[in-house]
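The values are calculated or read from the model by the stated rules, or taken from the named source; none is laboratory data. Predicted model only: the values in this text are computed from it and were never measured. Reconstructed Cβ throughout: ideal geometry from the backbone, glycine too, with neighbour counts over all protein chains shown. Remember, those area values only see protein heavy atoms, side chains included, never the ligands or the DNA or RNA. Shrake-Rupley method; radii C 1.70, N 1.55, O 1.52, S 1.80 Å.
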Amino acid sequence: MREGRPIGAIGVTRSRPGPFTDKQIALLKTFADQAVIAIENVRLFQELKESLEQQTATSEILGVIASSPTDIQPVLDVVAENAARLCDANDALIHRIDGDKLRSVANYGRCRSVGVRV
């Protein structure tokens, strides 16, 4: 249980029939509590890792913006690359509205796009 909500279960069996002792049940409850702590630690670590990856991507993009203040293409390229990486995607496309068309302005991966009417 975590915050009053079940997040899993422990099941035990044995070959001889009969109830488990109070001591055995208490031990299983202790194991369950330890499992909840382990599961929560992994969840928190994953959240921290994702947050760090997002901050790193933002830092990379800001670095490209600072080094290319008059050229948008390197910025769009790094945005597409980081979007694909953070979303665990093979491809990413960035489109821009140009009049009544959608124009591909950056891509990452094999996917390519052409102008499409909007």
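Here are some residues: I72, I94. Which one is farther than 25 Å from Q46 by Cβ and open to solvent by 90 Å² or more (accessible area, probe 1.4 Å)?
Step by step, each of I72, I94 is checked, and only I72 is farther than 25 Å from Q46 by Cβ and open to solvent by 90 Å² or more (accessible area, probe 1.4 Å).
Provide a single number: the residues in segment 39-58 that are of a type in the set (S, T, N, Q) and either surrounded by 11 or more Cβ atoms within 10 Å (Cβ to Cβ) or in contact with a helix residue (DSSP H, G or I) (Cβ under 8 Å, 6 or more places away or on another chain) (or both).
Our first condition is that a residue be of a type in the set (S, T, N, Q); within segment 39-58, this holds for 41, 46, 51, 54-56, 58.
Still in the running and either surrounded by 11 or more Cβ atoms within 10 Å (Cβ to Cβ) or in contact with a helix residue (DSSP H, G or I) (Cβ under 8 Å, 6 or more places away or on another chain) (or both): 54, 56, 58.
Number of matching residues: 3.
Take segment 75-88 and flag every residue that is of a type in the set (A, V, I, L, M) and open to solvent by 40 Å² or more (accessible area, probe 1.4 Å).
V79, A83, L86
Which one of E40, E3, E47, E53 is charged (D, E, K, R) and closer than 30 Å to Q73 by Cα?
One residue alone meets the criteria, E53.
Pairs needed: first member in segment 10-39, polar (S, T, N, Q); second member anywhere, open to solvent by less than 70 Å² (accessible area, probe 1.4 Å) and assigned to a helix (DSSP H, G or I); C-beta distance under 7 Å; at least 6 residues apart or different chains.
none
Only one of these is in a loop (DSSP other than H, G, I, E, B) and of a type in the set (S, T, Y): S59, S15, S51. Name it.
S15
Might you let me know whether segment 34-41 holds any residue that is outside any helix (DSSP H, G or I), over 30 Å from N107 (Cα atoms) and not hydrophobic (A, V, I, L, M, F, W, C)?
no
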